[in-house]
Amino acid sequence: MCQADIRVFGFPEIISQVKLARHMIVAIDGPAGAGKSTVARMVAQELGFRFLDTGAMYRAIVYAALCQNIPLEAPETLSDFALRQKIRLDNDRVFLNDEEVTNSIRTPEIANAIHYVADNVQVRTCLSELQRQFARTARNVVTEGRDQGTEVFPDAECKVFLTASATERARRRQEELAARGEKLTLDEILEQQNRRDERDRNRPVGRLRKAEDAVEICTDRLSTIEVVRQIVDLVAERRTTSS
Ligand code: DC
């Protein structure tokens, strides 16, 4: 039984021409560095949908386990511990057992250890259920992750698989790190990225893959606004064809 609890607050204003007459899930999946988070946030804002950052949930569990010295390599101990954590998403803010961890979960230490949690079948099952619970409460959701259109919301009305070439993703990451004062060569970043891609694409459950009915958008030569526009147009199109 999944004990973890997720509550979501904050209803952005409806600012789009896409009316919210009925339930809709927009699932955006793709590899790290394809621009999912920024794009998904903006699409949610544009449509007046709730934004669900599923990676933040995985990160919060790793953060909790590291803080409490829980052995990550012991799957059962880790999943027992994970199921007792309370994760709360409040728009862009992330709370773990009522402590705000929004920034603390975005560290290289967390990213390096995340595979222990992401590969853990019981943790995945629990987090997937929390994601569905989130969608039931929120009704209209833009969700982003690796397995949203395939495993968690296979019936999502609109699925997008966001990609970018490996070099472009590494270049973006390099810029992001430089803005935080961290200097890494492109080769170093590519090496980390390849390792992460390999793990994301090959985990036993919830692996990164494109859903058959997802629309693939390569963001290499597109601005963020152009990608957001494409997805908003796609949502509008799906609403028209399904109504
Ligand atoms: O999107 P992100 O970088 O914050 O995600 C962190 C990690 O969490 C990512 O390397 C893989 C894992 N993850 C996952 O396995 N399934 C998801 N739906 C979201 C993230």
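The values are calculated or read from the model by the stated rules, or taken from the named source; none is laboratory data. Keep in mind the model is a prediction, meaning the values are calculated, not measured. Virtual Cβ from ideal backbone geometry, glycine too; neighbours counted across all protein chains shown. We work out accessible area using only protein heavy atoms, side chains counted, and drop any ligands, DNA or RNA first. Shrake-Rupley method; radii C 1.70, N 1.55, O 1.52, S 1.80 Å.
Can you name every residue in the range 175-216 that is more than 17 Å from the chain's Cα centre (by Cα), of a type in the set (S, T, N, Q) and within 16 Å of the ligand (Cβ to nearest atom)?
Gln192, Asn194, Asn202
Pick out the one residue from Arg146, Arg124 that is closer than 23 Å to Ala44 by Cβ and charged (D, E, K, R). If you could, list the steps in order and put the result at the bottom.
Details: Arg124 fails: closer than 23 Å to Ala44 by Cβ.
Step by step, each of Arg146, Arg124 is checked, and only Arg146 is closer than 23 Å to Ala44 by Cβ and charged (D, E, K, R).
Could you list, ordered by first residue, the pairs with Cβ atoms under 6 Å in which the first is in the range 218-242 and within 16 Å of Thr38 (Cβ to Cβ) and the second is open to solvent by 50 Å² or more (accessible area, probe 1.4 Å) and polar (S, T, N, Q), at least 6 apart or interchain?
Thr224/Thr38
If I filter the range 102-120 down to residues being away from the ligand (no atom under 12 Å from the Cβ) and over 16 Å from the mean Cα position of the chain (by Cα), which single residue comes out as most open to solvent (accessible area, probe 1.4 Å)?
Looking at the filtered set, the residue picked out is Glu109.
Here's a check for you: in the range 65-91, which residue that is touching a residue at least 60 places away in the same chain (Cβ under 8 Å) and not in a loop (DSSP other than H, G, I, E, B) is surrounded by the fewest Cβ atoms within 10 Å (Cβ to Cβ)? Steps first, please.
So in the range 65-91, the residues touching a residue at least 60 places away in the same chain (Cβ under 8 Å) come out as 82-91.
When the remaining residues are screened for being not in a loop (DSSP other than H, G, I, E, B), the result is 82-83, 86-90.
Working: Ala82: 27, Leu83: 17, Lys86: 16, Ile87: 23, Arg88: 17, Leu89: 25, Asp90: 13.
It comes out as Asp90.
Take Thr125 and tell me if it is in a helix (DSSP H, G or I), in contact with a strand residue (DSSP E or B) (Cβ under 9 Å, 6 or more places away or on another chain) and open to solvent by 10 Å² or more (accessible area, probe 1.4 Å). Walk me through it before giving the result.
Working: in a helix (DSSP H, G or I): yes; in contact with a strand residue (DSSP E or B) (Cβ under 9 Å, 6 or more places away or on another chain): no; open to solvent by 10 Å² or more (accessible area, probe 1.4 Å): yes.
Criteria not met by Thr125.
Can you tell me how many residues within the range 100-122 are farther than 13 Å from Thr54 by Cα, in contact (Cβ under 8 Å) with a residue 60 or more places away in the chain and assigned to a helix (DSSP H, G or I)?
Summing the residues that are farther than 13 Å from Thr54 by Cα, in contact (Cβ under 8 Å) with a residue 60 or more places away in the chain and assigned to a helix (DSSP H, G or I) in the range 100-122 gives 3.
Sort out which residues of the range 93-105 are touching a Lys or Arg at 6+ places or on another chain (Cβ under 7 Å) and closer than 9 Å to Arg59 by Cβ, and write them in order of number.
Matches in the range 93-105: Ile105 only.
For the range 19-64, how many residues are of a type in the set (Val, Ile, Thr), open to solvent by 10 Å² or more (accessible area, probe 1.4 Å) and assigned to a helix (DSSP H, G or I)? Explain how you work it out, then say what you get.
Let us first name the residues in the range 19-64 that are of a type in the set (Val, Ile, Thr), namely 25-26, 28, 38-39, 43, 54, 61-62.
Cutting the leftovers down to open to solvent by 10 Å² or more (accessible area, probe 1.4 Å) gives us 25, 38.
Next, from what is left, pick out any that are assigned to a helix (DSSP H, G or I): 38.
Qualifying residue count for the region: 1.
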